[in-house]
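Student: To start, I am sharing the structure in question, which I have written as structure tokens.
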Amino acid sequence: MSFAQSLRQDADPIFEAIYLHPFVQGIAKGQLPPESLIHYVSQDTEYLNTYSKVYGMALSKAQTPDQMRLFYNRIGILLEGELIPHLNLCRVAGVTHDEVMQHPVELAPTAHHYARHMLCVAQQGTLGEIVAVVLPCQWVYVDTARRIIEEFQPTTEHPFYDWISFYASDEMHQGLMELTALLDHLAPGARELDLAMMRSAFLDSSRLEYQFFDMAFTLQKWTPSGPGAYPLGEKPDSDSFDSLSVRVNTCV
Ligand SMILES: Cc1ncc(CO)c(N)n1
């Protein structure tokens, strides 16, 4: 079994729990509360900004032009492509994407944790660790979308058809294959300790993928809330907040 497959096997109970999570089942069955969808899109926008930066940090540690191209392409897809699933969720929630982007937002605890987990590994880790830390993001979504298609056979009438077909696409699957191939290329040259760090980065990201869906489903926010910590969608009372009526965390 390849190194990447062994990580996936270790994380299988987490992937299974993700598929059964009410947010994911809500996508599969075409029913989710608008507030959860809006919370997800808002937090995921911030998350994807950080994710792109982590690919940029991987690019800086790449060892060949082909590796550089892989990370460069991933950044391009992230900056342009993931608007499609976000637009889909906004449409079902009955809001425009612009409306969601206009609301002030701060990272909820899980998105905050996940962003910093990736940034920390990217800053301190080897190239292999960075690939391991980003891999579950790709793997969870491709697996989930493909399993939904298998089980539910959604048609274009399905409310989340765009979301599902985006992540199940050959392009996404190809990206996943490129990342696993790179990890399997790097693993044989890594020391025992580095392999253990890769495994740990992969498992933590997998757990945070579960937590991320849970965050959106439960509308997670910091408690107690306070200055600068207002709930998503609520306009701050004080005038002093007016200048903050932008997405304060864009590009964490
Ligand atoms: C939290 C999270 N993980 C993975 C993806 C897929 O890129 C996403 N959009 N959001």
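Student: Among the listed residues 108, 58, identify the single one that is touching a residue at least 24 places away in the same chain (Cβ under 8 Å), within 12 Å of the ligand (Cβ to nearest atom) and either under 25 Å from residue 193 (Cα atoms) or out of contact with any Leu (no Cβ under 7 Å at 6 or more places or on another chain) (or both).
Tutor: Exactly one of 108, 58 is touching a residue at least 24 places away in the same chain (Cβ under 8 Å), within 12 Å of the ligand (Cβ to nearest atom) and either under 25 Å from residue 193 (Cα atoms) or out of contact with any Leu (no Cβ under 7 Å at 6 or more places or on another chain) (or both), namely 108.
Student: Something else now. Kindly indicate whether any position in the stretch 179-187 is more than 14 Å from the ligand (Cβ to nearest atom), β-branched (Val, Ile, Thr) and not in a helix (DSSP H, G or I).
Tutor: Within the stretch 179-187, none of the residues are more than 14 Å from the ligand (Cβ to nearest atom), β-branched (Val, Ile, Thr) and not in a helix (DSSP H, G or I).
Student: From 51, 55, 40, 114, which residue is of a type in the set (Ser, Thr, Tyr), more than 26 Å from residue 221 (Cα to Cα) and within 16 Å of the chain's Cα centre (by Cα)?
Tutor: Unique residue meeting the criteria: 55.
Student: For the stretch 124-175, name all the residues that are within 16 Å of the ligand (Cβ to nearest atom), hydroxyl-bearing (Ser, Thr, Tyr) and within 18 Å of residue 22 (Cα to Cα).
Tutor: 141, 144
Student: Residue under question is residue 93, and the condition is that it be aliphatic (A, V, I, L, M), surrounded by 17 or more Cβ atoms within 10 Å (Cβ to Cβ) and within 15 Å of the ligand (Cβ to nearest atom); does it hold?
Tutor: No, not satisfied.
Student: Still on this structure, I have one more. Return yes when residue 171 is assigned to a helix (DSSP H, G or I), of a type outside the set (A, V, I, L, M), at pLDDT below 95 and surrounded by fewer than 21 Cβ atoms within 10 Å (Cβ to Cβ) and no when it is not.
Tutor: So residue 171 passes the test.
Student: Can residue 216 be described as within 16 Å of the ligand (Cβ to nearest atom), in contact with a Lys or Arg (Cβ under 7 Å, 6 or more places away or on another chain) and touching a residue at least 24 places away in the same chain (Cβ under 8 Å)?
Tutor: Answer is no for this residue.
Student: Would you point out the residue of the stretch 105-135, among those that are small (Gly, Ala, Ser) and not in a helix (DSSP H, G or I), that is surrounded by the fewest Cβ atoms within 10 Å (Cβ to Cβ)?
Tutor: 125
Student: Looking at residue 35 and the list (1) away from the ligand (no atom under 12 Å from the Cβ); (2) charged (D, E, K, R); (3) within 24 Å of residue 204 (Cβ to Cβ), which single condition is not satisfied?
Tutor: (3)
The values are calculated or read from the model by the stated rules, or taken from the named source; none is laboratory data. Just so it is clear, the model here is predicted, and its values are computed rather than measured. Counting neighbours? That spans all protein chains shown, and the Cβs are built from the backbone with ideal geometry, glycine included.
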